[in-house]
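J.: Can you read through this structure? Questions will come right after.
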Amino acid sequence: MSPPALGRALPHDSVLHRRNPTVKLAVSSVVSLVLLVPVDPWTPGLLLLLALPAATVAGRLGARTVLRAVALFAPFALSVLAVNAVTCPGQVVWRGVGLEVTTTGLSVGGALALRALLVGVLSVAFTLTTDAGRLMTSLHQHARLGPRATFAVLAGYRVLEQLPERWETVRRAQAVREPGRRPGAPLPRDAGALARAAFAVLVVSLRQGERLAVALEQRGLGAGPRTVARPVPLDRRDAALAGVVLGVVGLVVVASWWTGVLQTWADVG
Amino acid sequence: MIATRGLVVRYPGAARPVLDGVDLDLRAGEHVLLLGGSGGGKSTLLRVLAGVVPRVVDADVSGGVEVAGRALPTDHADPATGYLTQDPADQLVLPTVRDEVAFGLENRAVPASEIGPRVEAALRAVNAAHLIDRRTGDLSGGEGQRVGLAATLVTDPQVLLLDEPTSLLDPAAARGVAAAVATGRTRQRASVLVEHRLDELPDLPPRTVVLGDDGRVAADGPTARVLHEHAARLAALGLSLPLAAELRAAGVASLHALTAADDDAGPGTDRASSAPVVLRARGVHVRRDGRDGLHDVDLDVRAGRVTAVVGPNGSGKSTLLLALAGLVAATGSVVGGTVGSVFQRPEHQLLARTVRDEVAWGPRRARRADVDALVEATLGRYALDGLADHDPFRLSGGQQRRLSLAAAAVCGHDVLLADEPTFGQDRRTTLACGDALRALADEGRGVVVVTHDLRLVAELADDVVVLRAGRVVARGTVPTVLADDRVLAEAGLVVPPAVAAAVATGRPVRTVLRALRAATALSAVRSADGRPPTLATVDR
């Protein structure tokens, strides 16, 4: 399996690969919005426990990839937990180094941290199963996004795709201009060197962007009504995906309300 | 199909118009090769015909222009016009080849059911059917340009405008693209091709139009006749001419007729082994992106000698230069003097906001006492003194190339490495660049140059190293390697006609090619408006 690349789905097939990109994007957005409501750790915790195997199986991502995604978002989640633990008013459970940790803080912080991990897993599952080109076609078809916007994004994506290699080349090309440089020395990382490399990369990329824009227009973009050669399908199975995911989220929220663990911002004041 | 009457184009801030009264007529079925000097308005004329000037690029345009039955300028790109430029990276806009080629048809609202077969047919026509499921970002230059051509031809444009479509390709890929371009010359279509590599490309369009330095049409007629009658002038404009025309420009019937003292600077093997080694590489091995880029390469760079590194794309040539410069993690040893490096795209190396500061960068960092005098001398030597206060990013490609050579040379390194320094440059800048590298070697430095251009190798280098799949498959002096057909064929290298003819004379190749160049320059001086291809006249 080749390593994940920017804007490219992993090169295998899966249930998630076959689903409509706009539906996937909308469903993950709705889930992250709904999760702004509960501030108890149980609701997002249970959803995360369900999402981990679901994403692993439905996207055929492999447990290792999903756990790496969790690890990627863990530092952010921990910082959210830490900040909330010491800033929310409530019953103090620990006091030291000028800080007070409260039960409310732990609860709210835990909820937001788990939410961050869940959103992270959903984003990674979406990114690794969605091709940038198909996403843009689908947004054009199903979200009524104008062709100028979608194709500008794709042209920008082409520039972005070449950015890592261009950055490396420019840094090497500039490093060798330093007369006192020792062969084999690492590329310079001082602010001045990075700024000069960034400037060259910016100029070169902007110019390429201008030429890409000319190419887009020259080939007739925006001239009038257009057709779509390979439409992205949208069918009942996409509705089923949305129904299952949103249904499970609804059930979990209702269940946590029913069992009395659900807390909202109104509860924590 | 194309008609211009008294076309005048002046860019804002320019002292004089770049086109000054151009009259041009093309009927359907007419296909034109458009020639002219660098900065002489060829690309501008194509951009006017494509509508890019003045719709996108600002300029004062007057006179009449009609393309495919529409008077220009208009607010939209003409759907009946196809326009292809040099760099595949600038025109492949979508992530996959299939979507890329379909894009023009979608924009013309062609029914979706027709698009698939037309995309496949367009790719087949340019010999790129096998690329249909590839990502555009993964294509080589030649593949990318063929896909770009398919994406242009798929809408069956009445007018096809091609601006140096092969200039950024190696010779083998350039031939493939040139052959594909030739298939686009149909009887229903009119086309204009700007091209400066006339020596290597077969299938030139039947009619040729030459733009003069005054911004007017200087010659117009059947290609063979124009190339023959205006050979000296065209050579002076910086074009690489077919061998017959180049001989005509030099005023001789064959290379045998060129008289020149046999080469005193000819690459003798005794000189090769006696010159001191300034950089010694042993067992250099590089792993990049999980695979071996270079296998145990040995190389001696000698003072006063130019070593050319040749080989197909992906053979490890650039990686070798990075390893010699200590810019990439490598095992083995590289021992010797200080190393300067010139990269393929000069803009990647720019560090300062003026040409003067750019040249002064190295000497200032090295705390040299004589920075000002050194910089002035270098600016003069590389014909940059008129540009000292210009922004390096705003120079032309040829000027940027000279600047990057100047900025590396001024540091006085023992070794200078150059990665495809003539990439995308016309013959005149190529010659100037070769002269500059030769001069550095003659000062006693070691020079290593990576190139696809075997004519440059024959004119400039003393030694050749042939790489394939990261290994050295042949090495020796230029005459030895250029005479080894088997090695060249295995490495996918094609000897240009002029070099082959020079080898066939049995005399030292470099001597013969130098004599050819000298004779061409001499007749250019004699011809009414020609100028010899020297460094100082490169960027008129």
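J.: Test of understanding: among A:11, A:21, which residue is within 14 Å of chain B (Cβ to nearest Cβ), in contact with a Ser or Thr (Cβ under 8 Å, 6 or more places away or on another chain) and buried (at least 21 other Cβ atoms within 10 Å of the Cβ)?
T.: Details: A:11 fails: buried (at least 21 other Cβ atoms within 10 Å of the Cβ).
Criteria check complete, one pass: A:21.
J.: Report, by residue number, each residue of the stretch B:197-217 that is under 20 Å from the mean Cα position of the chain (by Cα) and basic (Lys, Arg).
T.: B:197
J.: Hey, any hits in the stretch B:363-370 for a residue that's surrounded by fewer than 21 Cβ atoms within 10 Å (Cβ to Cβ) and away from chain A (no Cβ under 12 Å)?
T.: Yes, the stretch B:363-370 has at least one match.
J.: So which residues in the stretch A:19-32 are farther than 24 Å from residue A:106 by Cβ and either without any contact (Cβ under 8 Å) to a residue 60 or more places away in the chain or assigned to a helix (DSSP H, G or I) (or both)?
T.: Residues of the stretch A:19-32 that are farther than 24 Å from residue A:106 by Cβ, as a first pass: A:19-30.
A:21, A:22, A:23, A:24, A:25, A:26, A:27, A:28, A:29, A:30 - these are the residues of the stretch A:19-32 that are farther than 24 Å from residue A:106 by Cβ and either without any contact (Cβ under 8 Å) to a residue 60 or more places away in the chain or assigned to a helix (DSSP H, G or I) (or both).
J.: Determine if the stretch A:153-168 includes at least one residue that is free of Cβ contacts under 8 Å to residues at least 24 places away in the same chain, β-branched (Val, Ile, Thr) and closer than 14 Å to residue A:205 by Cα.
T.: Scanning the stretch A:153-168 turns up no residue that is free of Cβ contacts under 8 Å to residues at least 24 places away in the same chain, β-branched (Val, Ile, Thr) and closer than 14 Å to residue A:205 by Cα.
J.: Consider residue B:72 carefully, then state whether it is under 27 Å from the mean Cα position of the chain (by Cα), aliphatic (A, V, I, L, M) and more than 7 Å from every other protein chain (Cβ to nearest Cβ). Give the derivation first.
T.: Details: under 27 Å from the mean Cα position of the chain (by Cα): no; aliphatic (A, V, I, L, M): yes; more than 7 Å from every other protein chain (Cβ to nearest Cβ): yes.
No: the conditions fail for residue B:72.
J.: Which condition from (1) in a helix (DSSP H, G or I); (2) within 27 Å of the chain's Cα centre (by Cα); (3) within 14 Å of chain B (Cβ to nearest Cβ) is the one that residue A:238 breaks?
T.: (3)
J.: If the requirement is being under 30 Å from residue A:232 (Cα atoms) and either at the interface with another protein chain (Cβ under 7 Å from one of its Cβ atoms) or in contact with an Asp or Glu (Cβ under 8 Å, 6 or more places away or on another chain) (or both), which of these qualifies: A:160, A:139, A:145, A:154? Break it down stepwise before answering.
T.: Numbers: A:160 fails: either at the interface with another protein chain (Cβ under 7 Å from one of its Cβ atoms) or in contact with an Asp or Glu (Cβ under 8 Å, 6 or more places away or on another chain) (or both); A:139 fails: either at the interface with another protein chain (Cβ under 7 Å from one of its Cβ atoms) or in contact with an Asp or Glu (Cβ under 8 Å, 6 or more places away or on another chain) (or both); A:145 fails: either at the interface with another protein chain (Cβ under 7 Å from one of its Cβ atoms) or in contact with an Asp or Glu (Cβ under 8 Å, 6 or more places away or on another chain) (or both).
On inspection, the qualifying residue turns out to be A:154.
J.: Sort out which residues of the stretch B:218-242 are surrounded by fewer than 20 Cβ atoms within 10 Å (Cβ to Cβ) and under 18 Å from residue B:38 (Cα atoms), and write them in order of number.
T.: Correct list: B:219 only.
J.: Can you name every residue in the stretch B:461-493 that is crowded, with 18+ Cβ neighbours inside 10 Å and of a type in the set (Val, Ile, Thr)?
T.: Listed by number, the residues that qualify are B:464, B:465, B:466, B:472, B:477, B:478, B:481, B:487.
J.: Here is a further query. Is it the case that some residue within the stretch B:90-113 is among the acidic types (Asp, Glu), touching a residue at least 24 places away in the same chain (Cβ under 8 Å) and surrounded by fewer than 23 Cβ atoms within 10 Å (Cβ to Cβ)? Break it down stepwise before answering.
T.: Narrowing the stretch B:90-113 to residues among the acidic types (Asp, Glu): B:90, B:99-100, B:106.
This time we only want the ones that are touching a residue at least 24 places away in the same chain (Cβ under 8 Å), so: B:100.
Adding the requirement that they be surrounded by fewer than 23 Cβ atoms within 10 Å (Cβ to Cβ) leaves none.
Checked the stretch B:90-113: no residue is among the acidic types (Asp, Glu), touching a residue at least 24 places away in the same chain (Cβ under 8 Å) and surrounded by fewer than 23 Cβ atoms within 10 Å (Cβ to Cβ).
J.: Answer yes if at least one residue in the stretch B:325-334 is touching a residue at least 12 places away in the same chain (Cβ under 8 Å), at the interface with chain A (Cβ under 9 Å from one of its Cβ atoms) and assigned to a strand (DSSP E or B), and no otherwise.
T.: Step one: of the stretch B:325-334, the residues touching a residue at least 12 places away in the same chain (Cβ under 8 Å) are B:325-334.
If we keep only those that are at the interface with chain A (Cβ under 9 Å from one of its Cβ atoms) as well, we get B:325-330, B:334.
Applying the additional criterion that residues be assigned to a strand (DSSP E or B) yields B:334.
Yes.
J.: Right, something else. Restricting to the stretch B:16-31, what's the tally of residues that are within 20 Å of residue B:191 (Cβ to Cβ) and either in contact with a Leu (Cβ under 6 Å, 6 or more places away or on another chain) or acidic (Asp, Glu) (or both)? Walk me through it before giving the result.
T.: So in the stretch B:16-31, the residues within 20 Å of residue B:191 (Cβ to Cβ) come out as B:19, B:22-31.
If we keep only those that are either in contact with a Leu (Cβ under 6 Å, 6 or more places away or on another chain) or acidic (Asp, Glu) (or both) too, we end up with B:19, B:22-23, B:25, B:30.
Of the residues in that region, 5 qualify.
J.: Moving on to the next point. Can you tell me which residue within the stretch B:182-196, out of those that are at pLDDT 90 or above and buried (at least 22 other Cβ atoms within 10 Å of the Cβ), is nearest to the chain's Cα centre (by Cα)?
T.: Once the filter is applied, the top-ranked residue is B:194.
J.: Continuing with the same structure: Condition (residue is within 26 Å of residue B:470 (Cβ to Cβ) and of a type in the set (Lys, Arg)) applied to the stretch B:346-360: is it met by at least one residue? Let's see the steps before the verdict.
T.: We begin by selecting, within the stretch B:346-360, every residue within 26 Å of residue B:470 (Cβ to Cβ); these are B:348-349.
When the remaining residues are screened for being of a type in the set (Lys, Arg), the result is none.
Looking through the stretch B:346-360, none of the residues is within 26 Å of residue B:470 (Cβ to Cβ) and of a type in the set (Lys, Arg).
J.: Checking the conditions here, which among B:519, B:502 is modelled with pLDDT of 90 or more, touching a helix residue (DSSP H, G or I) at 6+ places or on another chain (Cβ under 6 Å) and small (Gly, Ala, Ser)?
T.: When all the criteria are applied, what remains is B:502.
J.: Please pick out the residue among A:67, A:106, A:72 that is touching a Cys at 6+ places or on another chain (Cβ under 9 Å) and surrounded by 13 or more Cβ atoms within 10 Å (Cβ to Cβ). Outline the logic, then answer.
T.: Numbers: A:67 fails: touching a Cys at 6+ places or on another chain (Cβ under 9 Å); A:72 fails: touching a Cys at 6+ places or on another chain (Cβ under 9 Å).
Answer to the selection: A:106.
J.: If you don't mind, another one. Filter the stretch B:119-144 for residues that are within 13 Å of chain A (Cβ to nearest Cβ) and either in contact with a helix residue (DSSP H, G or I) (Cβ under 6 Å, 6 or more places away or on another chain) or closer than 19 Å to residue A:218 by Cα (or both) and give the result. Explain how you work it out, then say what you get.
T.: We begin by selecting, within the stretch B:119-144, every residue within 13 Å of chain A (Cβ to nearest Cβ); these are B:119-120, B:122, B:132-139, B:144.
B:119, B:122, B:132, B:134, B:136, B:137, B:144 - these are the residues of the stretch B:119-144 that are within 13 Å of chain A (Cβ to nearest Cβ) and either in contact with a helix residue (DSSP H, G or I) (Cβ under 6 Å, 6 or more places away or on another chain) or closer than 19 Å to residue A:218 by Cα (or both).
J.: Determine which single condition residue B:343 fails, assuming it passes every other condition in (1) free of Cβ contacts under 8 Å to residues at least 60 places away in the same chain; (2) within 12 Å of chain A (Cβ to nearest Cβ); (3) crowded, with 18+ Cβ neighbours inside 10 Å.
T.: Against the list (1) free of Cβ contacts under 8 Å to residues at least 60 places away in the same chain; (2) within 12 Å of chain A (Cβ to nearest Cβ); (3) crowded, with 18+ Cβ neighbours inside 10 Å, residue B:343 comes up short only on (1).
J.: Those residues that are within 29 Å of the chain's Cα centre (by Cα) and either at the interface with another protein chain (Cβ under 7 Å from one of its Cβ atoms) or not in a helix (DSSP H, G or I) (or both), I need them from the stretch B:87-102; list them, please.
T.: Once the filter is applied, which keeps residues that are within 29 Å of the chain's Cα centre (by Cα) and either at the interface with another protein chain (Cβ under 7 Å from one of its Cβ atoms) or not in a helix (DSSP H, G or I) (or both), the stretch B:87-102 yields B:87, B:89, B:90, B:91, B:92, B:93, B:94, B:95, B:96.
J.: Could you tell me whether residue B:203 is in contact with a strand residue (DSSP E or B) (Cβ under 8 Å, 6 or more places away or on another chain), surrounded by fewer than 22 Cβ atoms within 10 Å (Cβ to Cβ), not in a strand (DSSP E or B) and not basic (Lys, Arg)?
T.: no
J.: If residue A:179 meets every condition in (1) surrounded by fewer than 21 Cβ atoms within 10 Å (Cβ to Cβ); (2) out of contact with any Cys (no Cβ under 6 Å at 6 or more places or on another chain); (3) of a type outside the set (Val, Ile, Thr); (4) at the interface with another protein chain (Cβ under 8 Å from one of its Cβ atoms) apart from one, which number is that one?
T.: Evaluating residue A:179 over (1) surrounded by fewer than 21 Cβ atoms within 10 Å (Cβ to Cβ); (2) out of contact with any Cys (no Cβ under 6 Å at 6 or more places or on another chain); (3) of a type outside the set (Val, Ile, Thr); (4) at the interface with another protein chain (Cβ under 8 Å from one of its Cβ atoms) leaves (2) as the failure.
J.: Now for a separate question. Give just the number: which of (1) surrounded by fewer than 18 Cβ atoms within 10 Å (Cβ to Cβ); (2) in a loop (DSSP other than H, G, I, E, B) does residue B:64 not satisfy?
T.: (2)
J.: I would also like to ask the following. Look at the stretch B:346-390 and say how many of its residues are touching a residue at least 12 places away in the same chain (Cβ under 8 Å) and not in a helix (DSSP H, G or I).
T.: Here the count works out to 11.
J.: Can you tell which of B:161, B:153 is within 26 Å of the chain's Cα centre (by Cα), farther than 22 Å from residue A:165 by Cβ and within 11 Å of chain A (Cβ to nearest Cβ)?
T.: On the way: B:153 fails: within 11 Å of chain A (Cβ to nearest Cβ).
None of the other options fit; the residue is B:161.
J.: Consider only pairs whose beta carbons are under 7 Å apart and that are at least six residues apart or on different chains; among these, list those whose first residue lies in the stretch A:206-230 and is more than 7 Å from chain B (Cβ to nearest Cβ) and under 15 Å from residue A:154 (Cβ atoms) and whose second residue is among the charged types (D, E, K, R) and surrounded by fewer than 20 Cβ atoms within 10 Å (Cβ to Cβ).
T.: Pairs found: A:222/A:148.
J.: For the stretch A:182-202, which residues satisfy the criterion of being within 29 Å of the chain's Cα centre (by Cα), surrounded by fewer than 17 Cβ atoms within 10 Å (Cβ to Cβ) and under 20 Å from residue B:392 (Cα atoms)?
T.: So the first thing to find is which residues in the stretch A:182-202 are within 29 Å of the chain's Cα centre (by Cα), and the list is A:189, A:191, A:194-195, A:197-202.
The next check asks that each one be surrounded by fewer than 17 Cβ atoms within 10 Å (Cβ to Cβ); those that pass are A:189, A:191, A:194-195, A:198-199, A:202.
Hits for the stretch A:182-202 are A:194, A:195, A:198, A:199, A:202.
The values are calculated or read from the model by the stated rules, or taken from the named source; none is laboratory data. All of these numbers come straight from a predicted model, not from anything done at the bench. Glycine gets a Cβ as well: all are built from the backbone with ideal geometry, and neighbour counts include every protein chain shown.
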